[in-house]
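Okay, structure first, notes after.
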Amino acid sequence: MFKKNHPILNIAIAQSALVSFVLVIVVGFFFASLPIVAKEFQLQEIAEIGQGDTKNTNWVELVANPSDKTQYFAADRDGRVNTLNKGKSLDKTLIDLTQAFPQAQGIQLTAFTLHPNFSIRDQQGHATFYTAHSELFNAKFKALRLKTRIEKPTYSHEAVVTEWQFNSSSGIASNLEKKREILRIPLLSQEGMIKQLAFDPFQKQWSDDFGLLYIALNGTNEASKSPLYSGTVLRINPVKLGTRGYSIPADNPFLKDSKVPNETYLLGLQQIEQLLWSKQNNQALFINHLYNKQRVLSKGLSGNDWRQQPPHKIIADFKQDSIYPSPFVVYQGRSYKNLIDKALFFSFEAQKLKLNSVNLAASPKTSVKTEGVVITNTSKTLSKLSLHQDIDGELLFSDNTGSLYYLESALTNGPEQGQPESENIQPEPSQTGSYLLLFIIALGVILIILRQYRGRIQLKITRSTLHKRYARFEYDEESQSIHLFKRHQEEIDNTLRLTDIVQSEILLNGNSISIISAEQGQGFNSSLETKHNRIFAQEHRDKMVDDKVRQIDLILTDKNQHKYNICTYLRKGNQRLTKAGYHETVEKLIDWCWLIAQQLNASETGKRIIRVKPVIQKQTHTSYASSAPESKEETQISVADQKMNACSADKKPNTEAKTDTKASAETKPVAGLKTAAKQSESSVDAELVNALDKLGKLKQQGFLSEEEFASAKAKLLQDLLK
């Protein structure tokens, strides 16, 4: 328990409170001095989406290419996916559904999206995107069709989800490598088309929900015939599983409901326009939809069923005559801090084009806020308005003119409102002094905080080294491989065969002291062992101050030039962060050098000499305190020595009690000689046990073969007899 009114603790609390108070004041002055967010937006043209015959094309989706900041993918209703580059018009048609599906009739592209790993090489989903289109119903395609559980259905159309994979994520150089149908959904009418394909953009690769495809299926009047047509969100994993084109996540909410397809995630949404996600609330799904003929923005959770009851959480509702049927955008850029994680959309009121926002974090309902007016150069009534985002999350705008624009803040002091050019507006001296004072205070606060938390930051950086690398390795003689382990883990994280290793390197505090490979001059011998021991001993003699870091790394390189970094020893100041001690680590690395050198460069690897360490006998008059080791890492007498000494002591004949005082006095010289002889014999026995124990361990760990073990044991016995 902590002591009350501890002076040091009170001083630390007071310092922290003072620093926090000063920091709050500085931040308050800083934000108070920021200019007011601009209320007008202007358009900067960057490309032409359409020209000639394609100028009035009904565009379905415009998506930025994450592999190329200057390129976009534009999908149109007629079934084409094109590349679009900044400063240019449409460059190339990547796919044409009418040509890809020659047997299909009435094709209409309805949705398009990229896999979240689109730009990441060697990952599932690289250079892959998905399309959804509707076509006339064809009874031949049965294997991939979703079961609707309707008796005697009369389908007119069906929705098809297709995966397309290219050989590169760069649109211009891409060539189609693979096309794969994932799913077919039979439709009672064309109105029940797929309105959107999407992945949750805020899921990380290690998350279970990463890479799950959400399919928004529009609701129709036939909802009473099947829950599938009530306005449904389906969720699947588009990775092929056996004969099926996808798999169903294990946590889908309707798996136990026999009346609802297993792919279902949400029900009863009616007419869906768009699905949205928030970075601050990534457990929820936001739906822009028409519910009971009223446009609303609702917050949905897994398993919601709104067929009988309306949405429980409606974030906002909108006037039908003031909003355009264009997609919303959840802003994630950096230009407008006040708009981050808000849903943005356009409205046209009083002959003005307005940019509006909805706060997705509001509960239960929030009002629509006008963020500014968009300045346009045309007085015509605009149509086909769309709001998009580039790869950095900044706003893009397109309309019926066939052009693509950046949406930027406009200066409020235009030519008519601005000051004359002859006037030079200079800041007041007091204002300049205030800004300078605030800057000095802020700099001082930052320095105080960094100085106070410097030790913690450095310790976290040091510990992060262990988390990123392997912490230890073990050699398996049976499989001729080494097992790699992470920190605080007993399970094997990775395994390397000795035959796959092409180089071994040892680093001491970042400096290379040993490299073993098949190249000339990179073997191992006794002189190198002595040199390494001298280097490690010199490092161990250096004093460990508070900020000093002592680190030993083993870097292994396999045939594919992939490096495995093993942090075998790490210590900062007086705190050791690895389990093994310094001498234990050094001894293990020396054994490893002999083993891997014999494997990689046997011709330049000498024969190892097993050195027997002398046993230091303890004096009988030495106290326990004086015999204690000077440090934690000091070498202690082995268990074998203690057992041998104990055995020797037990075997002494207890004849003194049976002799008289005179005989005892007469035999003192003889007893002394016998004792000295037995001590010498005990020393030899202990030395022999130590050496044999060392050889047994080396053989057990795989560093010595059966023949080498027998030869070394015979030589050892011969040397001791001499």
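The values are calculated or read from the model by the stated rules, or taken from the named source; none is laboratory data. No experiment lies behind these values; they were computed from the predicted model shown. Here Cβ is always computed from backbone atoms with ideal geometry, including for glycine, and neighbour counts include all displayed protein chains.
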The residue from 298, 278, 357 that alone is small (Gly, Ala, Ser) and either touching a Lys or Arg at 6+ places or on another chain (Cβ under 6 Å) or not assigned by TED's automatic domain parsing to the domain that holds residue 149 (or both) is 357
Within segment 690-711, of all residues that are in contact (Cβ under 8 Å) with a residue 60 or more places away in the chain and in a loop (DSSP other than H, G, I, E, B), the one nearest to residue 596 (Cα to Cα) is 703
**Request:** Might you check whether a residue that is within 24 Å of residue 165 (Cβ to Cβ) and either of a type outside the set (A, V, I, L, M, F, W, C) or outside any strand (DSSP E or B) (or both) occurs anywhere in segment 223-233?
**Result:** no
On the given criteria, is residue 243 within 19 Å of residue 146 (Cβ to Cβ), touching a helix residue (DSSP H, G or I) at 6+ places or on another chain (Cβ under 6 Å) and in the same structural domain as residue 130 (by TED's automatic domain parsing)?
no
Restrict the check to segment 381-400 and report whether at least one residue is assigned to a strand (DSSP E or B), modelled with pLDDT under 80 and buried (at least 17 other Cβ atoms within 10 Å of the Cβ). no
Taking segment 78-92 and keeping residues at pLDDT below 85, at negative phi and over 34 Å from the mean Cα position of the chain (by Cα) leaves 88, 89, 90, 91, 92
With criteria (1) in a strand (DSSP E or B); (2) of a type in the set (Lys, Arg); (3) surrounded by fewer than 15 Cβ atoms within 10 Å (Cβ to Cβ), residue 571 comes up short on (3)
Selection over segment 234-254 where residues are in contact with a strand residue (DSSP E or B) (Cβ under 9 Å, 6 or more places away or on another chain) and in a loop (DSSP other than H, G, I, E, B) yields a count of 10
The lone condition residue 355 fails out of (1) over 24 Å from residue 229 (Cα atoms); (2) assigned to a loop (DSSP other than H, G, I, E, B); (3) in contact with a Gly (Cβ under 7 Å, 6 or more places away or on another chain) is (2)
Per the filter on segment 259-293, residues part of a loop (DSSP other than H, G, I, E, B) and touching a residue at least 60 places away in the same chain (Cβ under 8 Å) are 259, 261, 263, 277, 278, 279, 280, 281, 282
Considering segment 209-254, residues that are surrounded by fewer than 16 Cβ atoms within 10 Å (Cβ to Cβ) and among the hydroxyl-bearing types (Ser, Thr, Tyr), and then whichever is nearest to the chain's Cα centre (by Cα), we arrive at 247
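Quick grid of which residues meet (1) in the same structural domain as residue 493 (by TED's automatic domain parsing); (2) at pLDDT 90 or above; (3) of a type in the set (Lys, Arg):
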site	(1), (2), (3)
533	yes, yes, no
540	yes, no, no
548	yes, no, yes
553	yes, yes, no
558	yes, yes, no
566	yes, yes, no
575	yes, no, no
582	yes, yes, no
590	yes, yes, no
